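First comes the structure, then the notes that go with it.
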């Protein structure tokens, strides 16, 4: 029973770390997205290059965000499963 408690604790810690990293990436992407809209129009060519660089960064962030969201979901379901198993076992 004690071993199941350590597994539960490790799953909670992993879920918390993934949640924190995912939150940072989503906030960073939102910040980049807001910078894309707030460009200073100095010259057309210069603005276009900066906007393309921002769009490239946003596109690069999509895959890690999707992967972390999938991992977050799996960890959440695992935590819920272990918690329910512990509850039924002690019932």
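Normalised by the number of residues in segment 2-90, the average gap of Cα pairs under 8 Å and 6 or more apart makes the relative contact order 48 percent. Between residue 35 and residue 17, the modelled label-to-label distance comes to 2.8 nm, taking each label 7 Å out from Cα in the direction of the beta carbon. The alpha carbons of the chain stretch over 69, 17, 16 Å along the principal axes, in descending order. Only helical runs count toward this figure. For the chain, summing -39,500 (n - 2.57) over DSSP H runs of n ≥ 4 and dividing by all residues gives -34000 deg cm²/dmol at 222 nm.
Coordinate-derived values only; no laboratory data. Values in this document were obtained by computation on a predicted structure and should not be read as measured data. Note that each Cβ is placed from the backbone with ideal geometry, even for glycine, and that neighbours are counted across all protein chains shown.
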